[in-house]
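The values are calculated or read from the model by the stated rules, or taken from the named source; none is laboratory data. Bear in mind that the values here come from a model prediction, so they are computed numbers and not experimental data. Reconstructed Cβ throughout: ideal geometry from the backbone, glycine too, with neighbour counts over all protein chains shown.
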Number of protein chains: 2
Amino acid sequence: MVEHLKQRFRERGYRLTRQREAIIEVLAGTGEHLTAEEVHQRVQSICPELNLATVYRNLNLLAEQKIIGKVDFGDGPARFEARSEHHHHLYCLRCGRVVDLLHCPVHLDEKISETYRFRVTGHQFEAYGYCMGCELLNGKVGKP
Amino acid sequence: MVEHLKQRFRERGYRLTRQREAIIEVLAGTGEHLTAEEVHQRVQSICPELNLATVYRNLNLLAEQKIIGKVDFGDGPARFEARSEHHHHLYCLRCGRVVDLLHCPVHLDEKISETYRFRVTGHQFEAYGYCMGCELLNGKVGKP
DNA sequence: ATCTTAGATGCAAATAACTTGCAACTGAAG
DNA sequence: CTTCAGTTGCAAGTTATTTGCATCTAAGAT
């Protein structure tokens, strides 16, 4: 997995630096959806002195190359994940947990192009609500 | 329309100030999806000296009260619109034009809650691509 | 193994888009 | 026309991210 990602990166003519390896390893080693800040923290152990600006530069580069995925839930910072194929998420409004959806629930019928005179090339969809743990807490502690 | 929005605002116990009237008038008077900055500019004519911070405060307040709508396409600033019911958009990647969708193309089946152990309370969906004008320009001028 | 250099990094400063603290102001209930 | 909680203007602060630039380094050429 890690080697595969590094490979795809090199194929595109980019240098495989210590910093880049570290970032790829951190992301590929978790199923979580991490912010740039979180990636920066976790990377410290294998590559201290890796600058936050470099983390941003590389996460964005990897996302542009579609080697990793990037999601933005509108509130806080953007999040990055190793999975790069088209997919969507459930986002817990209480704890921030992110769950990957297995199937895309969006069905744009083919008439949309003529109805709206618009060619759709992509879409984003994110659902929000409460994961079970938080659902139970709701109504018990604060935040109604 | 304008009066209706003002009414809904007053009903909730908020004061109807000159600034708020101006903001509501600008938004209700257009079908466009405006940024706070744009609202601020257009409001100058009917209410100069209206501060940008006040525009932000009121647009957010109106959106929280679901009197207006707020969309965020992830790139630039958030946009506000007079329509407040649940709906979605097509967003042109070239010119930034926003088209309202008449129907919601998302179908979350009822099993989702048990499948993912998650209670969905809402969702956002935005599709992007190119409006006809820009589609024709693509390939002729810059940006392939 | 060493040279070369375009590409990458670190650091500090800059930016974009808001948000907040606070003193002064003002709708609207009485 | 008084009262005062709700609003506003202004300046400063915050958050998330980007950029300029001098220095450094991966990796192909020698």
field: Meets criteria (outside any loop (DSSP other than H, G, I, E, B) and modelled with pLDDT under 95) for A:Glu110
entry: no
- request: Would you check if there is a residue in segment A:119-137 being facing chain B (nearest Cβ under 9 Å) and among the basic types (Lys, Arg)?
  value: yes
query: Taking segment B:2-55 on its own, how many of its residues are within 9 Å of DNA strand C (Cβ to nearest atom), among the β-branched types (Val, Ile, Thr) and touching a strand residue (DSSP E or B) at 6+ places or on another chain (Cβ under 9 Å)?
result: 1
task: Could you give me the residue pairs with C-beta distances under 9 Å whose first residue belongs to segment B:50-70 and is in contact (Cβ under 8 Å) with a residue 24 or more places away in the chain, whose second residue is away from DNA strand D (no atom under 11 Å from the Cβ) and among the aromatic types (Phe, Trp, Tyr) wherever it lies, and which are 6+ apart or on separate chains?
output: B:Leu59/B:Phe80; B:Leu62/B:Phe80; B:Ile68/B:Phe80
field: Residues located in segment A:109-121, provided they are surrounded by 15 or more Cβ atoms within 10 Å (Cβ to Cβ) and closer than 27 Å to A:His33 by Cα
entry: A:Val120
message: Please return the ranges of strands (runs of 3 or more DSSP E) entirely within segment A:1-101 where 1 or more residues are among the aromatic types (Phe, Trp, Tyr) and outside the structural domain of A:Glu135 (by TED's automatic domain parsing).
response: A:79-81
- prompt: Within segment A:64-76, how many residues are closer than 27 Å to A:His4 by Cβ and either within 15 Å of DNA strand C (Cβ to nearest atom) or hydroxyl-bearing (Ser, Thr, Tyr) (or both)?
  reply: 5
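Yes or no, residue by residue, for (1) away from chain B (no Cβ under 12 Å); (2) under 21 Å from B:Leu90 (Cα atoms); (3) among the hydrophobic types (A, V, I, L, M, F, W, C):
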{"position": "A:Gln44", "(1), (2), (3)": "yes, no, no"}
{"position": "A:Cys47", "(1), (2), (3)": "yes, no, yes"}
{"position": "A:Arg57", "(1), (2), (3)": "yes, no, no"}
{"position": "A:Asn60", "(1), (2), (3)": "yes, no, no"}
{"position": "A:Ile67", "(1), (2), (3)": "yes, no, yes"}
{"position": "A:Gly96", "(1), (2), (3)": "yes, no, no"}
{"position": "A:Pro105", "(1), (2), (3)": "no, yes, no"}
{"position": "A:Arg117", "(1), (2), (3)": "no, yes, no"}
